[in-house]
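For reference, the structure is listed below as structure tokens.
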Amino acid sequence: MKTRSAATATVVASAKKTAAAKKKNQTTKKPKVAIPTVTKSTMSSCEDDKPWFHIFTKGDEEYNTYMANEWGFEKRGDQALFEKISLEGAQSGLSWLTVLRKRDAYRRVFFGFDVDRVAKMTEQDVERILNEQDAENTRNIIVRHRGKVESVINNAKCIQKLVLDSSNDEDEKKNNMPTHGVFDELLWTFVNDKPILNVSWKGGDGLKDAPTQTQESKDMSKKLKQLGFRFVGPTTCYAMMQSVGMVLDHPVGSKEWKEAKERLEKRKGGYQER
């Protein structure tokens, strides 16, 4: 039996209440998908035998591999989601490919996104990171943006506080945590712990009008900001939701959509369609 502190219980309960209210008042509006903007001409130039995301990966092998094997696949756990929210925050104003190519550098600099180790990082660490040089291989250097670097450390401390507040004593903190972690539980609450499968968007002309956020990502962003997180705007949250399989935005009928639906039909706990 889990025992939670009043503070953490209130945070999760509030998120669940918000999610439930939004679901109750949901309209029939078609879901919108946050993917790179493309034009009608680029869509029509994509050969039928290539994956739908080729229109924006443009054949880049590393990008294609990521989209085929990671994007939209369910990820759980505080450390995994801390990495994702950090990388999506780093992408702000940049292309995802830029950050993807530097992902190993981020993992090196931030200790594999170990929350406790990152939370202990100091201003000296920030300065060291910002002054790293590697003229031969820029992949080894993360995006040198002070605000983004500091936000990772700040957000680790926020997660750490959530964890520390999650129970009343040390034994309970070790033995009665939510299955996938406190941060994980909070984030997945915004989709009621059930992935959302797109059943309306079919690609085509709709791509150019695709927004980059939903009500769920707005609610998530608002809650995270209230808890002290940084670089967690609605667009960043939605990109993270897509990448960790909270929402699956493959075009209806595509090979990737059919495979995603098949995975979800086998998922314990079910899924949603929208």
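Readers should treat all values here as calculations from the given coordinates under stated rules, not as data from a laboratory. Predicted model only: the values in this text are computed from it and were never measured. Neighbour counts are summed over all protein chains in view; Cβ atoms, including those assigned to glycine, are modelled from backbone coordinates with ideal geometry.
If you rank Ile85, Ile141, Ile153 by fewest surrounding Cβ atoms within 10 Å, what's the result?
Ile141, Ile153, Ile85
Roughly how many nanometres apart are two label points built 7 Å out from the Cα toward the Cβ at Lys58 and Glu265?
3.7 nm
Between Lys161 and Asp125, what is the spin-label point distance in nm, taking each point 7 Å from the Cα along the Cα→C-beta axis?
It is 1.8 nm.
For a test of the definition: using alpha carbon positions, the gyration tensor, and the 1.5 limit on a/c, classify the range 64-205 as rounded, prolate or oblate.
Because a/c hits 1.5 or more and a/b fails to exceed b/c, the range 64-205 counts as oblate.
May I ask for the percentage of alpha-carbon pairs in the range 206-274 that lie more than 18 Å from each other?
Percentage above 18 Å: 47.
Starting from the Cα of Gln133, step 7 Å along the direction of its Cβ; do the same at Arg103; then give the gap between the two resulting points in nm.
For Gln133 paired with Arg103, the spin-label model returns 3.0 nm.
From the cross-link list Lys50/Lys261; Lys120/Lys225; Lys225/Lys258, which pairs have alpha carbons spaced over 29 Å apart?
Lys225/Lys258
Taking 0.36 nm per residue of separation and subtracting the Cα-Cα distance, what length does fully extending Lys194 through Thr65 add?
My answer for the length gained is 43.9 nm.
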